[in-house]
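The values are calculated or read from the model by the stated rules, or taken from the named source; none is laboratory data. All of these numbers come straight from a predicted model, not from anything done at the bench. Because the Cβ atoms are built from the backbone with ideal geometry, glycine has one as well, and the counts that use them run over all protein chains shown. Side chains included, ligands, DNA and RNA excluded: accessible areas come from the protein's heavy atoms. Shrake-Rupley method; radii C 1.70, N 1.55, O 1.52, S 1.80 Å.
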Amino acid sequence: MHHDTALINMLAIGLGLAFVFGALANRLRLSPLVGYLVAGIIVGPFTPGFVADQELANQLAEIGVMLLMFGVGLHFSIKDLMAVKSIAIPGAIGQTAVATLLGWGVASLMGWPTLHGLIFGFSLATASTVVLLRAMEERRLLEATRGKIAVGWLIVEDLACVLALVMMPVLAGVFGPDAQNQQHSLGSVLTSIGWTFVQLGLFVAVMLVVGRRLIPWLLERIASTGSRELFTLCVLAIALGVAFGAAALFGVSFALGAFFAGMMLNESELSNKAAHDSLPLRDAFAVLFFVSVGMLFNPMILVEHPWQVLATVAIIMFGKSLAAFFIVRAFGHSKSTALTISASLAQIGEFAFIIAGLGVALKILPATGLSLVLAGALVSIMLNPLVFRLLDRWQARHPIASKSPGEPEAPPGPSLDLHDHAIVIGYGRVGSHLAQLLQRRGVPLLVIDDNREHVERAHAAGIPGIRGSAAADRVLAEAHPERAKIAILAIPQPLEAGETLAKLRAINPNLTLLARAHSDAEVKHLLEHGADGTVMAERELAHSLAEMVMATPPYRTLHHVPGH
């Protein structure tokens with residue numbers, strides 16, 4: 001095979017295998033992350049068969065890290081953190097400290113230097129955002145006290161990781177193997193750390209003074225052109241451009257620059273559109289990041305270091321979870337809340353890979369450490385659904401203990417106790433207008449949307465709203481389709497709409513189902529999955545424009561001309 005096809009090979013085989021194993025993991029009710037990591041293991045140098053270009057994979061992974069961090073910044077919510085700051089901040093710091101010390105202890109038993117042990121322990125302290133949010137969404141807990149604490153806790157962990165990304169290169173320069181032959185006084189160490197924070201401060205100041213105004217302004221100007229391609233390109237240029245500028249001008253990491261780019265973009269009213277339009281590319285490169293991480297995993301670690309693997313899994317699933325449990329209980333929350341937080345944190349993911357991978361690159365963590373982190377991630381992510389199922393059974397047997405003091409009995413917003421109502425799925429541009437028209441006509445209705453801001457707008461308008469994916473069984477159950485008369489799917493995603501239609505039809509065969517489509521193929525797909533009728537936006541727009549044309553004086557008489 002020609003050497004100049006390495007990029008094509010990496011993309012085609014890497015993404016292809018990631019799709020296959022990601023779909024298989026999803027079918028087994030596991031996180032797709034497991035499948036992506038397995039795909040990386042298969043194309044890695046430690047397994048037979050095709051071996052992807054590791055150097056190329058690392059460069060693609062770097063882009064994946066930047067876009068992952070951009071997404072974290074884009075959805076960063078100081079409001080969520082402030083709502084639970086009294087427990088999330090001390091809780092996350094305490095639990096991170098416990099996990100780091102436990103990891104350092106295991107590393108010490110293996111004879112690793114102190115810095116290596118601390119990096120290893122810290123990488124075990126951060127839970128996967130993807131896995132945690134999925135578990136919370138499935139159980140309708142994002143708006144409950146337990147969910148808010150878990151999300152706030154996760155935000156603090158993410159911020160700690162962002163700080164670690166700044167400090168790790170400094171620590172490597174002072175204490176790493178490349179600096180062993182150099183003498184470092186306390187003054188030089190403090191000077192190095194101080195200069196790093198000066199550079200970071202300058203970057204943050206520029207972003208707050210210039211970026212906070214320039215980025216939203218630029219996004220709005222590009223949006224006014226009406227070009228979707230230019231808008232998407234602008235979002236990606238901001239993400240990667242700020243990341244590159246941060247590294248080139250201020251010496252901070254690409255990842256940190258991308259994180260701040262997302263935070264500044266979050267200031268714009270177009271942030272939701274920016275997140276939506278950049279999502280496919282962010283997802284693709286995120287998958288390549290997980291594949292590249294999987295390539296670094298040596299399966300022989302399971303044979304050569306079995307007790308170290310067990311110790312790593314124990315720290316992730318028991319050590320830091322027990323720390324979280326006792327911290328939550330110490331703050332006066334119920335046993336159920338403490339168990340929910342513990343279960344949600346009993347796994348590691350994205351940031352663990354970023355921290356461990358950077359540690360290996362900076363030579364302050366051995367390759368064995370990254371393999372142990374990966375083994376711990378694979379095992380904990382696979383077992384996390386089982387942990388939650390056990391928790392669900394316990395909570396079903398102890399319903400009184402499952403209630404936290406001060407936690408609302410019902411979801412926020414107007415009551416969902418409706419009969420003969422209309423269910424509007426999607427409260428974006430189309431769904432919000434539709435809901436308002438139905439509301440004015442006195443139709444009892446509720447909306448379902450997975451965007452928190454959309455649901456909050458519905459609540460502000462006096463419309464009951466449920467946050468979550470309509471394809472999720474628990475979300476649909478909360479909307480009571482068995483008591484509804486009609487459901488209108490105003491979401492532009494035909495696959496999710498088709499799955500939702502099939503579930504609604506199974507729950508209530510007499511329910512009238514209407515859906516939104518953008519092509520003849522989508523119309524056919526939606527009708528096959530149970531829709532009674534569909535509206536193709538482009539076709540209805542053409543009909544409306546044609547009616548307006550025929551209503552103008554030059555053409556008005558053509559209505560009466562035979563043959564027209």
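Consider residue 318 carefully, then state whether it is closer than 29 Å to residue 50 by Cβ and aromatic (Phe, Trp, Tyr).
Numbers: closer than 29 Å to residue 50 by Cβ: no; aromatic (Phe, Trp, Tyr): yes.
So residue 318 does not fit the description; no.
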Worksheet item: Looking at (1) open to solvent by 10 Å² or more (accessible area, probe 1.4 Å); (2) at pLDDT 90 or above, can you tell me which one residue 394 breaks?
Response: (2)
Fill in: Pairs where the first residue, in the stretch 351-372, is more than 18 Å from residue 60 (Cα to Cα) and in contact (Cβ under 8 Å) with a residue 24 or more places away in the chain and the second is among the charged types (D, E, K, R) and in a helix (DSSP H, G or I), C-beta under 7 Å, 6+ apart
363/178
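So which helices (runs of 4 or more DSSP H) are wholly in the stretch 453-564 and hold at least 3 residues that are in contact with a Gly (Cβ under 7 Å, 6 or more places away or on another chain)? Full working, then the answer.
Working: elements: 473-479, 494-507, 520-528, 537-550, 553-556.
Filter on the stretch 453-564 gives 494-507.
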Worksheet item: Given (1) under 20 Å from residue 109 (Cα atoms); (2) assigned to a helix (DSSP H, G or I); (3) modelled with pLDDT under 90, where does residue 368 come up short, assuming only one miss?
Response: (3)
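I'd like the full set of residues that are part of a helix (DSSP H, G or I) and either open to solvent by 50 Å² or more (accessible area, probe 1.4 Å) or out of contact with any helix residue (DSSP H, G or I) (no Cβ under 8 Å at 6 or more places or on another chain) (or both), limited to the stretch 308-338. Before the answer, list the steps.
Just the residues of the stretch 308-338 that are part of a helix (DSSP H, G or I), to begin with: 308-330, 335-338.
Residues satisfying the conditions are 310, 314, 318, 322, 326, 329, 330, 335.
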Fill in: Failed condition for residue 116, given (1) closer than 26 Å to residue 151 by Cβ; (2) touching a Leu at 6+ places or on another chain (Cβ under 7 Å)
(1)
Worksheet item: List, please: which pairs have Cβ atoms under 6 Å, are six or more places apart or on different chains, and start with a residue in the stretch 204-226 that is free of Cβ contacts under 8 Å to residues at least 40 places away in the same chain and end with one that is surrounded by 18 or more Cβ atoms within 10 Å (Cβ to Cβ) and of a type in the set (A, V, I, L, M, F, W, C)?
Response: 222/231; 222/234
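Can you pull out every residue in the stretch 44-90 that is in contact with a Pro (Cβ under 8 Å, 6 or more places away or on another chain) and touching a residue at least 24 places away in the same chain (Cβ under 8 Å)?
Correct list: 46, 47, 54.
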Worksheet entry | Filtered residue count, the stretch 18-52, keeping only those that are open to solvent by less than 60 Å² (accessible area, probe 1.4 Å) and part of a loop (DSSP other than H, G, I, E, B) | 5
Fill in: Filter result for residue 343 (in a helix (DSSP H, G or I), modelled with pLDDT of 90 or more and hydrophobic (A, V, I, L, M, F, W, C))
yes
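Provide a single number: the residues in the stretch 366-376 that are open to solvent by 40 Å² or more (accessible area, probe 1.4 Å) and under 21 Å from the mean Cα position of the chain (by Cα).
If we filter the stretch 366-376 for residues that are open to solvent by 40 Å² or more (accessible area, probe 1.4 Å), which is where we start, we get 367-368.
With the extra rule that they be under 21 Å from the mean Cα position of the chain (by Cα), the set shrinks to none.
Total meeting the criteria: 0.
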Item to complete: Assess whether residue 378 counts as being hydrophobic (A, V, I, L, M, F, W, C), assigned to a helix (DSSP H, G or I) and under 28 Å from residue 58 (Cα atoms).
Response: yes
Worksheet item: Taking the stretch 413-452 only, how many residues are open to solvent by 30 Å² or more (accessible area, probe 1.4 Å), outside any helix (DSSP H, G or I) and within 25 Å of residue 76 (Cα to Cα)?
Response: 3
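Looking only at the stretch 111-133, how many residues end up being modelled with pLDDT of 85 or more and either of a type in the set (Asp, Glu) or under 18 Å from residue 91 (Cβ atoms) (or both)? Working first, answer last.
Restricting attention to the stretch 111-133, the residues satisfying the condition of being modelled with pLDDT of 85 or more are 111-127.
Add one more test, that the residue is either of a type in the set (Asp, Glu) or under 18 Å from residue 91 (Cβ atoms) (or both), and what stays is 121-122, 124-127.
Within the stretch 111-133, residues that are modelled with pLDDT of 85 or more and either of a type in the set (Asp, Glu) or under 18 Å from residue 91 (Cβ atoms) (or both) number 6.
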Discussion item. Name the residue that is farthest from the chain's Cα centre (by Cα), counting only residues in the stretch 343-365 that are open to solvent by 10 Å² or more (accessible area, probe 1.4 Å) and more than 13 Å from residue 164 (Cβ to Cβ).
Written reply: 363
Discussion item. Checking the structure you have, find out if any residue of the stretch 328-335 is among the charged types (D, E, K, R) and at pLDDT 85 or above.
Written reply: yes
Practice prompt. State yes or no: is residue 561 at pLDDT below 90, open to solvent by 50 Å² or more (accessible area, probe 1.4 Å) and in contact with a Phe, Trp or Tyr (Cβ under 9 Å, 6 or more places away or on another chain)?
Written response: no
Item to complete: Could you grab me the full set of residues in the stretch 258-307 that are more than 16 Å from the chain's Cα centre (by Cα) and open to solvent by less than 20 Å² (accessible area, probe 1.4 Å)?
Response: 261, 264, 265, 268, 291, 292, 293, 294, 295, 297, 301
Worksheet item: Taking the stretch 140-156, which residues are at pLDDT below 85, under 25 Å from residue 100 (Cβ atoms) and in contact with a Gly (Cβ under 8 Å, 6 or more places away or on another chain)?
Response: none
